[in-house]
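We did not get these values from a lab; they are worked out from the coordinates using the rules stated. Computed from a predicted model, the values in this text were never measured in an experiment. Glycine also receives a Cβ, built like all others from the backbone with ideal geometry; neighbour counts cover every protein chain displayed.
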Amino acid sequence: MLPQALLVAGMMLFAARAAPHPTAAEAAVDTSYTTTSTLSATFTFQVTRTFLTTIPETTTTTTTTTTSATSSSAYTPTYTATVVYAFKPDSPIHLQQFQAKGSIFRLADSPGIYCPSFVERNGGCSMDSNITGINGCSLSATVPGGQAIYLAPDGQLRFTQAHSQALYPPNSTICPLSFGTVKDSDAMDVSVHGFGSNGFMACPMLDRTSVGIKQVWQIYANVTEMRPPLWHSNSSSCINFKVVGLVKQLGHSAAAWQYI
């Protein structure tokens, strides 16, 4: 069951003021702003958002424990990633996880992951095979070179192939996601920026699997030039939605070795 904080934060986001996006002049530096909104006499919350404009290095939080004055310091690494969910009550995508698969992001699907046999033999494959982890501008992947998240001009939210953290198609927006903290909640408000986007949209698509064809949803930013590809079964059925995120502790250094 999802934490109650996720549901509460999602309801709060419906009352939040629209987030401004960084201008070209602001793109070289990190920017932040704070929004305060009152839902009623008893509910006041505050959202602080930071736009990421560079690809951060992978960060590991460590805890150091000293056992005695004469012993050496020992540490236990703690690895985390953000898992994001669609928030659209009374819809088929409500509380579905973002999943990275086939170079795009989907809802109502499983992630596309790969781990080579030599890594598996040495215990290097992730134990978090049912989630897609996000760390700022990148996927939570161990593969050398990393895998970055970008927004294509037609609105598709996509990720790069393995070993290509800094390789994007022309005119793409890098680091398109921003994460805002919701006061008194463990959840985060997640938004998308680039090409004048004003939120997220999911469009139904049919996906061929080993057991047949199933319907999933591809994730877009709602941009002016959005043109769902022809493989979408019915572009008029696209759904606008909000996104909330939760930080998850991982059982390995990343959520997956590689997303495919």
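So the values come out like this:
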quantity: ³J(HN,Hα) computed for each position of the stretch 252-260 - Karplus, 6.51 cos²θ - 1.76 cosθ + 1.60, integer Hz, glycine/proline x; calculated: 8, 6, 8, 6, 7, 5, 7, 9, 10
quantity: Per-peptide average of other Cβ atoms within 10 Å, ordering 149-155, 137-143, 123-129, 244-250 highest first; calculated: 137-143, 149-155, 244-250, 123-129
